[in-house]
Amino acid sequence: MKALADYVHSKGLKIGIYSSPGPKTCAGYQGSYGHAVQDAKTFASWGIDYLKYDLCSDLDIYKDDASTLQAIYQEMGQALQDTHRPIVYSLCEYGRAAVWTGWGENSGGNLWRTTGDISDQWDSMEKIGFSQLKLAAYAKPGHWNDPDMLEIGNGGMTADEYRTHMSLWSLLAAPLIAGNDLRTMTDETKSILMNGEMIAVDQDPEYKPVQEVSSEAGVEVLMRPLHDGSVVVGLFNRTGAPQEAQFARSSLPAPLTGKEIMVRDLWKHAAVPASADAFKTTVPSHGVVMLKISAQ
C-alpha cells in the first residue's frame, strides 16, 4: 500500500481509502471496530490522504443518536489528528442525527453525508439536490455538506440532467466526487465534469450559501454570491417540458443594483445580453441555465 500511495503521489494525485467504525464494511470486509487508533496510524504510514468512514455494521452495535454517533466518529477523527498527517476525513453516516448541525465538525469531519445513497436517475438526483438548500447555511470552509457523489457519465440520465446535477452541486459547494469510469468518458461527459467555470463556482474561496430566489410551477431560481462581488444564478426546470424562466434585476444584491452588468452563460461559455429589468430564457426539460452576473 505504501508503494501504491508513492506511485499515486508521483503522478501529482492524492489517494484515499475506505473503512467503517463497525466490525464490517458495507461490502462485508474488515472494518476498524476496536482498532481505530491502529488503523489511523497504518493509513498515515502508508501515505493515505483521504478516509471515507462508512457507518455500515456499526448500527448493529450502537444506538442511532447524535451523542453516540459523535463518539464513534470522534474516535477516528482524534486518531487521525494524532498521526499529524493531513488526512481529509469523510463521515458517511447517511445524514443521521442532523450531522450538519455541529457534531460532524466536532468529530473532526471535513465533509459529511447528508442523505442516503444517490442513484443514476433523475428522481434520485433531483430529490437529493434540491433538499440540500435548507442545509446550505451549515457548511463552512473545511467542513462541507456532502449530498453524495456525482453520477455524471454513468448513462442513467440525459446530458441536460447531468448539467443540472453539476450545476446544483456546484451552487451547493458540495464535494465534487466523480462516480463514473474515468477511462471511458465521452467528450460530452468530459465537457460537464471538466467545466472550469462551474468548478470555480463550487470552489469559490469565500463561502456564501446559495439562496432560493423563487420557486414556481417547477421552475427554481437559485442565487449564490461569490467572493469577487459577482453572483451566480441558476434557472432550473424540474418539469417534463421546456419552460420559460426569468431572473429579475431587482433580485440582485445591493453592490450590483444600479450598475452596468455583464452576464455570462457558464455552460455556453459566452456572454449573453442583459435586459433592463429581467433576464428571460427558455430552459429545457430537467435542464438548467447558469449565469454569472458581475459589474461591468
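Read-outs throughout are calculated quantities, based only on the coordinates presented, and are distinct from any laboratory measurement. As the structure is a prediction and not an experimental result, all values here were calculated from the model. Cβ: placed from backbone, ideal geometry, glycine included. Neighbour counts: every protein chain shown.
Some notes on this structure:
- Over 31 Å (Cα to Cα) - which of Lys24/Lys190; Lys2/Lys134; Lys11/Lys52; Lys127/Lys208 fall in this group: Lys24/Lys190; Lys2/Lys134
- The angle between the Cα long axis of helix 66-82 and the main principal axis of the chain comes to about 80°, on a 0 to 90 degree scale.
- Principal axis extents of the C-alpha atoms in the chain (largest first, rounded to whole Å): 64, 40, 35.
- Taking amide H as placed 1.01 Å from N in the peptide plane, Leu266 has its amide H under 5 Å from the amide H of Met290, Leu291, Lys292, each at least 5 places away in sequence or on another chain.
- Farthest towards the positive end of the charge dipole of the stretch 211-295, among the residues Leu252, Gly218, Ile293, is the Cα of Ile293, using unit charges on the Cβ of Lys, Arg, Asp and Glu.
- The Rg/Rh ratio for the stretch 211-295, using Cα coordinates for both the radius of gyration and the Kirkwood hydrodynamic radius, is 0.95.
- Taking other C-beta atoms within 10 angstrom as a stand-in for reagent exposure, Tyr29, Tyr162 fall in the order Tyr29, Tyr162, fewest first.
- Candidates Trp103, Gly28, His143 compared by Cα position along the dipole of the chain: farthest toward the positive end lies His143, with charges placed on Cβ.
- Two-site FRET efficiency, Asp60 against Ser214, from Cβ-Cβ distance with R₀ of 35 Å, rounded to 0.05: 0.20
- Isolated cysteines in the chain, defined as those with no second cysteine Cβ under 4.7 Å, comprise Cys92.
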